[in-house]
Amino acid sequence: MELALDSSTDTASMALSRHGEVQAELSWLSEQNHTVEMMPNLLHLLAQAGIQFNDLEAIVVAKGPGTFNGVRVGVATAKALAFALAIPLVGISTLEVEAFPYAATGKPVCPVQNAGRTEIATARYQLQNGVWQRSVIEHITTVEDLCATITGETILCGRFSADIAQRITGLLGDRAIVSHGLRRAGFLAELGWRRLEANDTDDPIALQPVYLRPPSVTTPRNREVKR
């Protein structure tokens with residue numbers, strides 16, 4: 001039994017699967033409450049499925065990009081479970097999880113995330129000769145620069161703002177197929193199983209979240225030392 005965890009954004013999801021086939025799944029709007037909601041919801045899912053922690057044989061986690069807190073909580077939970085249970089761990093790009101539901105179309109798929117500062121996070125994936133593969137690595141860009149690279153009919157998916165959707169369709173016209181599907185841990189589980197079958201796993205200690213941009217921090221002002 002595999003456990004898939006995705007808390008990359010405001011919508012969190014987790015699934016229990018057997019050889020990549022979903023047995024139980026839970027999704028909810030977490031907003032910024034991942035820290036306090038992750039473990040209670042995991043315990044609830046395990047109880048509903050009649051599963052114990054010792055029944056888990058692998059952990060699959062969405063490793064970002066996404067919100068700083070959401071990605072951190074998901075990856076930290078997955079690493080702790082994999083280490084404590086001594087079971088394999090696989091980290092999958094959150095953008096790949098967004099894109100994977102559209103693999104069977106055979107069209108190029110560009111997952112899009114709001115990245116703030118009028119920018120987006122994106123990548124590009126496509127099923128070619130029966131092989132699902134990434135053709136453009138995850139990166140930060142603008143809608144205008146992304147659209148300038150798209151020459152044919154392309155699926156642009158994810159939970160991005162209406163403004164971004166309008167800009168994409170305005171620039172690409174009929175070349176853009178815009179979809180706002182829900183990212184589910186069930187797709188993460190299937191991607192993870194492909195890696196597990198190939199014995200392609202991650203080191204629980206070495207696996208790191210993918211942020212693409214350092215978290216915003218406030219540098220304290222230098223204060224005069226009064227004598």
Residues within segment 128-161 that are loosely packed, with under 14 Cβ neighbours inside 10 Å and either among the aliphatic types (A, V, I, L, M) or assigned to a loop (DSSP other than H, G, I, E, B) (or both), tallied: 10
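If you check Leu81, Leu85, Leu29, Leu95, which single one turns out to be among the hydrophobic types (A, V, I, L, M, F, W, C) and at pLDDT below 95?
Leu29
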Of the conditions (1) more than 25 Å from Glu31 (Cα to Cα); (2) outside the structural domain of Met14 (by TED's automatic domain parsing), Thr118 satisfies every one except a single condition; which number is it? (1)
Hits in segment 64-79 - residues which are in contact (Cβ under 8 Å) with a residue 60 or more places away in the chain and either among the aliphatic types (A, V, I, L, M) or surrounded by fewer than 24 Cβ atoms within 10 Å (Cβ to Cβ) (or both): Phe68, Val71, Arg72, Val73, Val75, Thr77, Ala78, Lys79
Looking at Thr11, is it modelled with pLDDT under 95 and within 30 Å of Thr154 (Cα to Cα)? yes
Out of everything in segment 30-52 that is in contact with a Gly (Cβ under 9 Å, 6 or more places away or on another chain) and without any contact (Cβ under 8 Å) to a residue 40 or more places away in the chain, what residue ends up being farthest from Asp10 (Cα to Cα)? Met38
Which residues, counting only those in segment 104-127, are surrounded by 19 or more Cβ atoms within 10 Å (Cβ to Cβ), closer than 17 Å to Leu191 by Cβ and without any contact (Cβ under 8 Å) to a residue 40 or more places away in the chain? Ala123, Arg124, Tyr125, Gln126
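Yes/no matrix, rows are residues, columns are (1) under 27 Å from Val22 (Cα atoms); (2) touching an Asp or Glu at 6+ places or on another chain (Cβ under 8 Å); (3) not assigned by TED's automatic domain parsing to the domain that holds Trp28:
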{"site": "Ile87", "(1), (2), (3)": "yes, yes, no"}
{"site": "Val136", "(1), (2), (3)": "no, no, yes"}
{"site": "Glu144", "(1), (2), (3)": "no, no, yes"}
{"site": "Leu156", "(1), (2), (3)": "yes, no, yes"}
{"site": "Ala165", "(1), (2), (3)": "no, no, yes"}
{"site": "Gly170", "(1), (2), (3)": "no, no, yes"}
Can you say whether Asp10 is in contact with a Gly (Cβ under 7 Å, 6 or more places away or on another chain) and either of a type outside the set (Gly, Ala, Ser) or surrounded by 13 or more Cβ atoms within 10 Å (Cβ to Cβ) (or both), as far as the supplied structure shows? no
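The values are calculated or read from the model by the stated rules, or taken from the named source; none is laboratory data. Just so you know, these numbers come straight off a predicted model, no measurement behind them. Note that we place each Cβ from the backbone using ideal geometry, even for glycine, and neighbour counts take in every protein chain shown.
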